[in-house]
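Note sheet for the following structure.
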Amino acid sequence: MYSDKENLNILTALLVKHGIRHAVVCPGSRNAPIAHNLHEAGIRCVPVTDERSAGFQALGMAQATGLPVVVCVTSGTALLNLAPAVAEAFYQQQPLMVVSADRPLRWIDQLDGQTLPQENALKPFVRKAVALPGIITCDEERWHCNRLVNEALVEVGGRMASLKSEVAGPVHINVPLEEPLFEFNTGSLPEQRVVMKIDKGVGKANYRFLAQLLSRAERPMVVVGQHEPMDEAKTLGAALLRTKSVILAERLAGCHDFAVPVDEALLLVKDDEAYQPDTIFYFGGTLVSKRLKHFLRKAGAKGTVVQVAPDGQLRDVTMHLDYLCVGTLQGFIAYLGQEASVSSESTAFHQRWEKVFAQVRQTTDDEQPPFSQLAVVKYFEQQLDDMEYPFHLHYANSTPVRLANSLVGQHVWCNRGVNGIEGSLSTAVGFSIATDDRVFCVIGDLSFFYDQNALWNQNLRGNLRIILLNNGGGGIFHTLPGLEKSPVRDTLVTAGHHTSAQGICTQNDVGYLKADNMVDMKRGIVALLTENRQRPMLLEVFTNPETDAKALANHYKLLNDSP
């Protein structure tokens, strides 16, 4: 029988699945449930009283076997006594796995027995340190606990069956345990998802593994998150389309030739399982679309999910990751183009998605929105198609970047690392200083006024052009169902205002244009695109937030109603 502590049982199950066979265990009451579980799971446990010696004995066992070895200690200073052995393991690149019991977080630094901040106590001498949740109450917390343990296990290295890596090193898993500690009434360990790391250096071995998964897939899907523009973008499409993979790439993905309005396509797909992939390959960083994340999390539960990352960091966007492969999108493209043998035979899965993409493009092209932020971005995008000079697009967070994903046909730069509204204008300004190309920044009013000091800059030049979408507050909050019921929505949430950028432009010698109707908006955009000036230009477009919200709702309704 196992402990009744769910976090500990998840840890134990994953240790077993990852092939851990040896543990050095130090005495203590707080770690007694861990020692019990390790023994019950069939892991060989070696008792050692002195933690300093225990750490080095575990190091010696790791050296002899080439396998990760657990060293388990109780809470408090017991953990600190492992520091010399952990530091030695770090510089020897030996797979030492520290598992420490801990008191509940609420008792740390409260003069309670054997308590000190343990989570990062061994940094910088561990490759990964994680602290498991103390009490697990829902499936999302179970996923979180599973993910944290997998994050540590894929970093420890060694000759584990679940890890094909040339790099090893110590990791630390901290396990808060609640009293009572000694309830052993769980009959079996929970079934757990194991993440396997494929890491033989960024080279052919990793890409060969990906190509094998791709060749076995009947319904492959490639998802590309935020990524810098790629010279290989056309090659990407040629290589992946030849495999009949469905490509879901947003405008931030660096391969804009094959980007699609993802939100709109998924709206048409709904919950039809015929559109769900059996294998998902995830490249790049952040995704904007919440609808896409929900789709991937549902599809991933029934299929195989592979994350490809150059830094080898586990980021489980789909919540169902199976393989973490060290590599790059460009490297995989090159491998497919030169060495992989892939089928070019058309599939019903691919054809079904292509029909959806064609329907979205047709409906979006035919749409004639009323004067609104949607209409501004749509007209701006249409005019960009005729521009022959080189340019770069920066879209601020919130509404602007979502409109870009739906309407823009070029690569989009956006601060999506943490999605904050601050700094979008400053980033575009910095970009414009470092290039002679035209730089366009499309930004909402809160982002602009928050970052207005970006224009207080003696290095500004005429290659910077700004479209300020001003609807008197955080317009995105007018699209959130239920928020309209709050009496403080317009004052405390959307930060309603009546501010104009004209004075800011005047004091900073920025050419100012304004529009509050369709005709002036179009004239202003043409001026931004065609006029040559020595100083930046800004077009401030005033719209109504309710009209903006209705235009966006109608945009999606047209798709739903399309044949």
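The values are calculated or read from the model by the stated rules, or taken from the named source; none is laboratory data. No experiment lies behind these values; they were computed from the predicted model shown. Cβ coordinates were reconstructed from backbone atoms using ideal geometry, including for glycine residues, and neighbour counts include every protein chain displayed. Heavy atoms of the whole protein, side chains included, go into the accessibility calculation; ligands, DNA and RNA do not. Shrake-Rupley method; radii C 1.70, N 1.55, O 1.52, S 1.80 Å.
Find how much the distance from Asn560 to Gln212 grows on full extension, using 0.36 nm per residue of separation minus their present alpha carbon separation; answer in nm with one decimal.
Length gained between Asn560 and Gln212: 121.5 nm.
For the residue pair Gln362 and Gln383, what label-to-label distance in nm results when each label sits 7 Å from Cα along the Cα-to-beta-carbon direction?
Label at Gln362, label at Gln383, 3.0 nm between them.
Using a 1.4 angstrom probe on heavy atoms only, work out the carbon and sulfur share of the accessible area of region 68-162 in %.
Roughly 51 percent, rounded to a whole number.
Beyond 20 Å between alpha-carbons counts as too far, so tell me which of Lys290/Lys355; Lys378/Lys514; Lys5/Lys298; Lys378/Lys522 fall in that bin.
Table pairs above 20 Å Cα-Cα are Lys290/Lys355; Lys5/Lys298.
Whole number in Å², please: accessible area per residue of the chain, 1.4 Å probe, ligands, DNA and RNA not counted.
43 Å²
Only helical DSSP H runs with n ≥ 4 go in: add -39500 (n - 2.57) per run for the chain, normalise by residue count and round the 222 nm mean residue ellipticity to 500 deg cm²/dmol.
The helix contribution divided over the chain gives -11500 deg cm²/dmol.
Compute the length gained on full extension between Gln313 and Glu179: take 0.36 nm times their separation in residues and subtract their Cα-Cα distance, giving the result in nm to one decimal.
44.8 nm is the gain from fully extending Gln313 to Glu179.
Got a sec? Which residues in region 87-117 would a label at Thr77 touch, if it sits 7 Å along Cα→Cβ and we count backbone N under 11 Å?
Answer for this model: 114.
Rank Trp107, Trp456, Trp353, Trp143 by accessible area, highest first, at a 1.4 Å probe radius?
Trp456, Trp107, Trp143, Trp353
Quote the FRET efficiency, to the nearest 0.05, computed for Thr506 versus Asp278 with a Förster distance R0 of 45 Å and r equal to the Cβ-Cβ distance.
The formula returns an efficiency of 0.15 here.
Pulled fully out, how much extra length does the chain show between His498 and Val167, if you take 0.36 nm times their separation in residues and subtract their Cα-Cα distance?
113.4 nm
Using a probe of 1.4 angstrom, how much of the accessible area of region 302-392 is carbon and sulfur, in percent?
With neighbouring chains kept in place, the figure for region 302-392 is 45 percent.
Quick one: go through region 14-50 and flag any residue whose amide nitrogen is under 18 Å from the point 7 Å out along the Cα-to-Cβ line of Ala64.
From region 14-50, the list is 20-26, 43-50.
Could you compute the net charge surrounding Met1? Neighbours are other residues with a C-beta less than 11 Å from the C-beta of Met1; K and R count +1, D and E count -1.
Cβ neighbours under 11 Å give a net charge of -3.
With charges only on Cβ, +1 for K and R and -1 for D and E, what is the dipole size of region 1-146 about its Cα centre, in debye, rounded to 20?
Using only the charged Cβ atoms, the result is roughly 360 debye.
With +1 on the Cβ of every Lys and Arg and -1 on the Cβ of every Asp and Glu, and nothing else charged, how large is the dipole of the chain about its Cα centre, in debye rounded to the nearest 20?
Roughly 900 debye, rounded to the nearest 20.
Could you compute the FRET efficiency for Cys138 and His39, with r as their C-beta to C-beta distance and R0 at 22 Å, rounded to 0.05?
Efficiency computed from Cβ-Cβ geometry: 0.15.
All other residues with a Cβ under 11 Å from the Cβ of Leu189 taken together, and with Lys, Arg as +1 and Asp, Glu as -1, what is their net charge?
-2
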